[in-house]
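Take a look at the structure set out below.
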Amino acid sequence: MSFKRPESVLIIVYTKDAQVLLLERVKPQGFWQSVTGSLLHGETAIAAAHRELKEETGLQGELIETGLENTFPIIPAWRARYAPEVLENHETVFAYEMDAPCEIALNPVEHIASCWLSREQAAQKASSWTNRDAILALVAKV
């Protein structure tokens, strides 16, 4: 079995008027997040961010390197995807600013729903603390 790299990207997709895109995962159901994904072996964080943005939303464009990074424990729902000795994941955060909300082309293998919410609503609905913190740090109050 090939284990996932314990390195991932988080991409905060938002509009100039502070609408933030969130996606609901297939599993665990009720888990809302921004665009995320693990780096493939040999892949850079920026390449993974571009790939995940397109795969999960159909969007393509210039990403903003935010300088934000997080290290956090891997939650039990995803532990089996990683080597047994791997307990933490390192996350690099990117941002993607748009003029206005748009239709999203969800990947049905990963997500069952999407929504555009205000900065505050998105931060409240995001299931992970790193996602909440990134939304509040990167999306300006309107």
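Read the figures in this text as sums done on the coordinates, not as results from a lab. From a predicted model like this one, the values you see are computed outputs, not experimental measurements. Neighbour counts are summed over all protein chains in view; Cβ atoms, including those assigned to glycine, are modelled from backbone coordinates with ideal geometry.
The modelled label-to-label distance for the pair D99/E65, using points 7 Å beyond Cα in the direction of Cβ, is 2.8 nm. Sorted ascending by nearby beta carbons within 10 Å, beginning with the fewest, K54, K4, K141 become K141, K54, K4. Counting neighbouring Cβ atoms within 10 Å and putting the fewest first, the residues Y82, Y96 line up as Y82, Y96.
Tell me which lysines have Cα within less than 29 Å of K141's Cα, excluding those fewer than 8 residues away on the same chain? Within the straight-line cut-off, K141 pairs with K16, K54, K125. Relative to the longest principal axis of the Cα atoms of the chain, helix 45-57 runs at roughly 70 degrees.
As a proxy for reagent exposure, ranking T66, T57, T71 by other Cβ atoms within 10 Å from fewest up yields T71, T66, T57. Remark: the stretch 1-124 carries a charge dipole of roughly 440 debye about the Cα centre, counting +1 on each Lys and Arg Cβ and -1 on each Asp and Glu Cβ.
The string of couplings for the stretch 126-142 from the Karplus curve (6.51, -1.76, 1.60, θ = phi - 60°) is 4, 7, 10, 5, 5, 5, 4, 4, 5, 4, 5, 7, 9, 9, 5, 5, 9 Hz, one whole number per residue in order, with x for Gly and Pro. Taking every Cα-Cα distance in the chain and sorting them into 5 Å bins from zero, the calculated P(r) comes out as 2, 10, 21, 24, 23, 13, 5, 2, 0, 0 percent.
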